[in-house]
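To start, the structure itself, in structure tokens.
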Amino acid sequence: MNSVPPQQRRAWPEKLAVRIPYVWLLVFFVLPLAMLLRISLSQPARAQPPYAPVFDLTAGWHGITTFFDGLSLDNYRLLGSDPLYLVALLKSVQIAAFATLLLLLIGYPIAYGITRMPRRARAVLIALVMVPLWTAPLIRTYAWMSILRPDGSLNWLLLTLHIVATPPLWLTTDAAIYIGIVYSHLPLMVLPLYATLQKIDERLIEAAADLGCPRWRIFWQVTLPLSAPGVLAGALLCFIPAVGEFIVPDLLGSLQTPMIGQIIWNAFFANVDWPAAAAVAAALFAFLVAPLAIFLHQTMRAVERAR
Amino acid sequence: MMRKASAFNLAAVTLGLAFLYLPIAVLVIYSFNASRLVAAWGGWSTRWYAALAADAPLLEAASTSIRLALVAATSATMLGTLAALALTRVTRFRGRAMFAAMIYAPLLMPEVVTGLAMLLLFIAAAVDRGFWTIAIAHTTMAMGLVAVIVQTRLIAFDATLEEAAMDLGASPATTFRTVTLPLIAPAIAAGWMLAFALSLDDLVIASFTTGPSATTLPIRIYSEVRLGVNPEMNAVSSIMIGVVGLAVIAASLLTKFRPTGRISRL
């Protein structure tokens, strides 16, 4: 008796397993993003609801034509005409990119160090690195607020150790934003780096050493290239959410030069300008589509290979 | 065979962990500060924890957050487990790549974008925003997390165990109940706990999708801390860190130290 190939066993439970989450994600994730793109193209209407009518299928053909008639690029022209938005987007990309570089420089030695530990210690250490990721981003950032205050723990330490003579200003500076972003994303950088470093065949490194390769060159020509997938995954995992970061710049940064996440938040909560908020969010989404696609492609390939 | 850790390796790991834990330790220590002044140490005291008990709006927000996390974690676990089964056991179906992308993307997207997008949906649907709209948004975020965790488990255990059960005459339903489910149960439990933590911790998505009727604990904390550091907020933050820390430790014990059912390991 041969076993039945899996394809032929498909029954209604399998169909449901696919369809229920699929429909949920279409309705509550893909549809909202489509609406975001749609509303970012609508006229700023101050009436209630504060935007032009959305795609209304109940209105039949008329609804569809209204949908296309209402499309307008005015909100994007606003983005182009007001330097505030462009400056904020550029600042966010720059901070996210530089923070990602810092995260790589800090996260790599940590991930590498963990792979050198005894086998039993490794699982515990990587779990310890991951635990802070699950505490609220708000609380992690708030913890830094009190440390970075003018009379906070950091300045106390710097003054006590005579590293500085006068307490430097940390809050409202970009340095504070970098500290906050690096702090909150470090576990997301260490985990993929550790996962790839751990898989590297020890014999390759031994072979290089036996052939007289100096240690820095082993690292540069063997370890680092082999860990490239982890570097890419970690970098994207940190860069993508960091561009749209809100809590860190809001609590630690300055209001004068906001990041794009603060612009979206304030356009929505302070100015109640929905189309502007939607246009900025849609522009941010459009900017992140490429890095998102690369990350998803890599992840899915890795999962398919493991399956 | 394995090279030993150098002083540099040890220093990197030690400093890394210190960097991750010191800010949290400072926050927790200052929650026991008797002084109202944040900078000055006035001796040990639990007065801020006592003050929490009298803070009615905060307790109300905490109760909302806990109920919300229970609902969101449970629905996310059901949807996420289904999604993981679909991704690992149903090999080919139309839109499979799209399905996988939709599961991972919400975890990665900036929260301001997802939050605003979901709000637009709720407005267009003309529903009253509050507890249930946040629950839907948190479910959507957390189901991807559960799916990833359960999927890892489904990949790790030996699929021939399921085939063996079916060859021996078990129906797909019996196989699922008696073989698959017990093997993935630890991952499902871990996924539930992490989804609970995700919902309890969230500020941005909840702020966008809530209405006047529901204030969660992070929304309440945010409205206080944006005005400055405040010892009562240190106390409530410390409690949240404790609750989430316990859930995460339990979750990692569940996923790490349980047999995967692989024949080779028996």
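Since every read-out is calculated from the coordinates, none of them should be taken as a lab result. None of these values were measured; they are calculated from a predicted model. Here the Cβ is made from the backbone with ideal geometry for all residues, glycine too, and neighbour counts use every protein chain on show.
Couple of notes before you dig in:
- Charge tally in the Cβ shell below 13 Å around residue B:231, where Lys, Arg are +1 and Asp, Glu are -1, residue B:231 excluded: -1
- Each Cα pair under 8 Å and six or more residues apart adds its separation to the average, and for the range A:129-261 the resulting relative contact order is 32 percent.
- Using the alpha-carbon positions of the range A:82-306, Rg (one decimal) and Dmax (whole number) come out as 20.3, 67 Å.
- This model, with +1 at the C-beta of Lys and Arg and -1 at the C-beta of Asp and Glu, gives the range A:82-306 a dipole about its Cα centre of some 780 debye.
- Loop sites in the range B:23-68: chymotrypsin sites (Phe, Trp or Tyr not before Pro), DSSP, at most 14 other Cβ within 10 Å: B:41
- A DSSP coil position with no more than 14 other Cβ atoms inside 10 Å describes the following trypsin sites (Lys or Arg not before Pro) in the range B:63-99: B:92, B:94.
- Estimated at 0.36 nm per residue, the fully extended path between residue A:198 and residue A:98 surpasses their Cα-Cα distance by 33.4 nm.
- Taking Lys and Arg as +1 and Asp and Glu as -1, the other residues whose beta-carbon sits under 11 Å from that of residue A:22 total +4.
- Annotation for residue A:84 and residue B:92: the two label points, set 7 Å from Cα along the Cα-Cβ direction, are 5.4 nm apart.
- Expected 222 nm ellipticity per residue - DSSP helices of 4 or more, -39500 (n - 2.57), all of the protein assembly as shown, to 500: -23500 deg cm²/dmol
- Square roots of 5 times each gyration tensor eigenvalue, C-alpha, chain B, largest first, Å: 38, 27, 17
- Size of charge dipole - the protein assembly as shown - debye, nearest 20, with Cβ of Lys, Arg +1 and Asp, Glu -1, no other charges: 1700
- Linear extension gain, residue A:286 paired with residue A:270, 0.36 nm per residue minus alpha-carbon span: 3.4 nm
- Peptide A:113-125 has a mean of 4 when you count, residue by residue, the C-beta atoms of other protein chains within 10 Å of its C-beta.
- For chain B, the relative contact order comes to 30 percent (Cα pairs under 8 Å, sequence separation of at least 6).
- Estimated inter-spin distance, residue A:120 and residue A:105, nm [label 7 Å along Cα→Cβ]: 3.8
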